[in-house]
Amino acid sequence: MADKQKTINIVVEEIDSTLLKFMHYHYKDGVGNLGVTFNNETSYIYGKVRLKSFLNVLASASVGEAFNKYIKGSYEYKKVDDCNGKSPLIVNDMM
């Protein structure tokens, strides 16, 4: 598990997925947040996401299937306004 004193910032801009277009994981002060933009241009922020869950998505052969398995339904989320190609976390001041 990540140390509460560490900051982790991972941006994935080019995803080979029919589901996801963009992911941004930010961990600070013991809390991990994940901003995603789907290929249909909708953006969401998932809160209190474990680093292990995010890394499982990244390591999977199918990012979309892994997202549905490890993130969707496992963490609270909120839909956010159009981010115009920017990170949902940055647009919503969550960094």
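Output yes when any residue across region 14-25 is touching a His at 6+ places or on another chain (Cβ under 9 Å), open to solvent by less than 20 Å² (accessible area, probe 1.4 Å) and of a type outside the set (A, V, I, L, M, F, W, C), and no when none is. Can you show your working first?
Taking region 14-25 first, the residues touching a His at 6+ places or on another chain (Cβ under 9 Å) are none.
So far as region 14-25 goes, no, none of its residues is touching a His at 6+ places or on another chain (Cβ under 9 Å), open to solvent by less than 20 Å² (accessible area, probe 1.4 Å) and of a type outside the set (A, V, I, L, M, F, W, C).
Considering only region 1-13, state which residues are in contact with a Phe, Trp or Tyr (Cβ under 6 Å, 6 or more places away or on another chain) and either surrounded by 14 or more Cβ atoms within 10 Å (Cβ to Cβ) or at pLDDT 95 or above (or both).
Listed by number, the residues that qualify are Ala2, Ile10.
Is it fair to say Val57 is on the phi < 0 side of the Ramachandran plot, surrounded by 19 or more Cβ atoms within 10 Å (Cβ to Cβ), in contact (Cβ under 8 Å) with a residue 40 or more places away in the chain and of a type in the set (Val, Ile, Thr)? Step through it out loud before you land on a result.
On the way: on the phi < 0 side of the Ramachandran plot: yes; surrounded by 19 or more Cβ atoms within 10 Å (Cβ to Cβ): yes; in contact (Cβ under 8 Å) with a residue 40 or more places away in the chain: no; of a type in the set (Val, Ile, Thr): yes.
No; evaluated as a whole, the condition is false for this residue.
Residues in region 34-46: is at least one modelled with pLDDT under 95, surrounded by fewer than 17 Cβ atoms within 10 Å (Cβ to Cβ) and more than 20 Å from Val91 (Cα to Cα)?
no
The values are calculated or read from the model by the stated rules, or taken from the named source; none is laboratory data. Model, not experiment: these values are computed from the prediction. Neighbour counts are summed over all protein chains in view; Cβ atoms, including those assigned to glycine, are modelled from backbone coordinates with ideal geometry. We work out accessible area using only protein heavy atoms, side chains counted, and drop any ligands, DNA or RNA first. Shrake-Rupley method; radii C 1.70, N 1.55, O 1.52, S 1.80 Å.
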